[in-house]
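Below is one structure; the comments refer to it alone.
A short reminder: the numbers here are calculations on the coordinates, not readings from a lab. Since the structure is predicted, the reported quantities are computational estimates derived from the model, not experimental observations. Here Cβ is always computed from backbone atoms with ideal geometry, including for glycine, and neighbour counts include all displayed protein chains.
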Amino acid sequence: MISGEIALYLFMLAAFTGHEIISRVPVILHTPLMSGSNFVHGIVLVGAMIALGEATTVTQQVIGFIGVFLGAGNAAGGYVVTERMLEMFKSSKKEGAK
Amino acid sequence: MDKATLLYYAVQASYFAAAVLFILGIKRMSSPVTARSGIQWAGIGMLVATIATFLHGKVLTHNEHMMTNLLLMVLGIGISSAFAWISGKKVAMTDMPQMVALYNGMGGGSAAAIGASALIGAATHPEHHALTAAQTTLAVIGALIGSISFTGSLIAFAKLQGWMDKTFRFSGQQAVNGLFFLSAVGLGAALVFQLDTTIVIAFFAVSLLFGVLMTLPIGGADMPVVISLYNAFTGLAVAFEGYVQGNVALIIAGTVVGAAGTLLTRLMAKAMNRSISNVLFSNFGSSGGPATEIAGSMKPIEAGDAASLLYMAEKVIIVPGYGMAVAQAQHKIWELSQQLIKRDKTVKFAIHPVAGRMPGHMNVLLAEAGVPYDLIADMDDINPEFGTCDVAIVIGANDVVNPVAKTDKSSPIYGMPILDVINARQVIVIKRGKGAGFAGIENALFYADNCRMLYADGQEAANRLIAELKGIDSGGGH
């Protein structure tokens, strides 16, 4: 349990961080970055695992399982897709620049 | 220190490490040089956090449900990530946008499930799963946002995959949507005061349905903005549910994505000269009066004549659009460009910020085909160059080159920045048929005196142009 005002500071600082780290992104990286940030919120899997771990009724187990199932898809799929996109950038850079 | 305390600190340390790796990873992804290592850093963070969670006190409960729950956990992770991994590996590069939409929707659904679990738990077993007012409020808000992102992203996926008609509209739609939204908010507010299972179910039903209704009327041209917006939504939902669980990793990762995603959405909407509320609440293409009639006719051209034009040209600018992605023509187009470069012609690629179905979609495809960075130019850099360009080839782009955006105030795309292709000496448009673009607007460029239409699929057209170019070479030699 995190106290309200600490959480507020957390939200504020993390929001600034998110804004800062992508404020100067070349257009060429917009799609991979969207895909990459899509992967990062796959951390929801961890929350879903805890929700399932706490489950004591069948209803909670079903909901928890759905959460874990969806969250794992987000994390795994997000990673593969982003890596594939960025892999192409690497190869084209070797041939292209310099 | 006993074993439980030690485990607690180990798990918390791994979450801390994951949060740091996520932030550094995203940071690295925002520069082309380090982008690839960025996703790997973030990946390590995810792996560490997921493994550590198996040791979390709320997972290793040692109660009678632990084994069942652990089994469900392993099954869920195994099946889902195997499915996602394989589908992500197999899918064609051109279908990436809908895959991002799908995976994003799954994340939103997962966040909604966490909210549902917390709310149901508190409603049925308040003695074990009590929530403070702040937790209930954020669980409800996160669940609402997550649900919208879940069903909304699935609709976006279905639309991009071609499983569903582009748009679905009826009169009074905005009023109906507004009613559903207010109902969802009302039911959510009721939950803060009265946790009741029936209200929880009603709340989720209305929220999920609202996500569908909200996305149905949005047209394909706006999909990049919508996917990016739902990405930010999922981030926020994850952050809120993270607060409910007291999990700092979720709060930080979710908020960072929420903020970055919102910024990205605004950049995209700006590139289309549309506000986000405009995308969501105005029916694209149905606004504005009747479009001004365009005089003249479309003039077709044969591949042979088009190749001659290219043969004589000194400077050629290629403008790719969604049609190139559909036809998978990026490799052939690059081959054609190499043929032109071999003949001492200057070739450049002009990329409109929202060409395709995701920002930078075209950059990704051209990179896949092996087109070097320095041949690819952004809109602002390339626009002055069209005046000195002999031939501009438009392949599968439509609305982003439509001069109506500058001239016709009644047009729904009026004010959207466009590529000034019309200024080129000669324009060749490669297009499969005469149909209008995604926005459903007639394109004045196609009727212009300096424009010729080469009716063919992108790959086939490029093939024919390459063959004709080679033919001119051998023909000119005798």
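So here's what we get for this one:
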| quantity | calculated |
| --- | --- |
| Ratio Rg/Rh, restricted to the protein assembly as shown and using Cα atoms, in which Rh is the Kirkwood radius | 1.03 |
| Reachable lysines from B:Lys159, criterion Cα separation under 17 angstrom, eight or more residues apart if same chain | none |
| Fewest-first sequence of A:Ser37, B:Ser31, B:Ser87 by Cβ atoms within 10 Å of each Cβ | B:Ser31, B:Ser87, A:Ser37 |
| Antiparallel DSSP beta bridges within the protein assembly as shown, percent to nearest 5 | 0 |
| Under DSSP loop assignment and at most 13 Cβ neighbours within 10 Å, longest GluC sites (Glu not before Pro)-free interval of chain B | B:128-292 |
| Above-threshold pairs, the threshold being 24 Å between Cα atoms, out of B:Lys315/B:Lys431; B:Lys332/B:Lys434; B:Lys406/B:Lys434; B:Lys89/B:Lys270; B:Lys3/B:Lys58 | B:Lys89/B:Lys270 |
| Kirkwood-Stokes translational diffusion coefficient of chain B, alpha-carbon pairs, 4 °C, 1.567 mPa s, µm²/s | 52 |
| Residue-wise HN-Hα coupling along segment B:43-60, computed from phi with Karplus coefficients 6.51, -1.76, 1.60 (Hz; x: Gly, Pro) | x, 4, x, 5, 4, 4, 5, 5, 5, 4, 5, 4, 9, 5, x, 8, 9, 7 |
| Distance between segment B:230-274 and segment B:92-122 - C-alpha centres, whole angstrom | 13 |
| Between 0 and 90°, nearest 10: helix B:3-29 axis offset from chain B longest Cα axis | 20 |
| Value at 222 nm in deg cm²/dmol, rounded to 500, when DSSP H runs of n ≥ 4 in chain B each add -39,500 (n - 2.57) | -20000 deg cm²/dmol |
| Student exercise, segment B:298-354 dipole from Lys, Arg, Asp, Glu Cβ charges, in Debye to nearest 20 | 120 |
| Order of B:His56, B:His352 - criterion: other Cβ atoms within 10 Å of each residue's Cβ, fewest first | B:His56, B:His352 |
| For segment A:15-42 and segment B:327-387, distance of Cα centres in Å | 23 |
| Exposure proxy ranking, count of Cβ atoms within 10 Å, fewest first, for A:His30, B:His125 | B:His125, A:His30 |
| Student exercise, segment B:130-269 dipole from Lys, Arg, Asp, Glu Cβ charges, in Debye to nearest 20 | 280 |
| Residue-averaged beta-carbon neighbours from other chains (10 angstrom radius) around B:92-98 | 2 |
| Per-residue mean of C-beta atoms belonging to partner chains within 10 Å, peptide B:365-371 | 5 |
| Nearest-ten-degree value, helix A:58-96 long axis tilted from longest Cα axis of chain A | 10 |
| Neighbour count of at most 12 Cβ within 10 Å plus DSSP loop: longest chymotrypsin sites (Phe, Trp or Tyr not before Pro)-free window in chain B | B:171-478 |
| Size of charge dipole - the protein assembly as shown - debye, nearest 20, with Cβ of Lys, Arg +1 and Asp, Glu -1, no other charges | 620 |
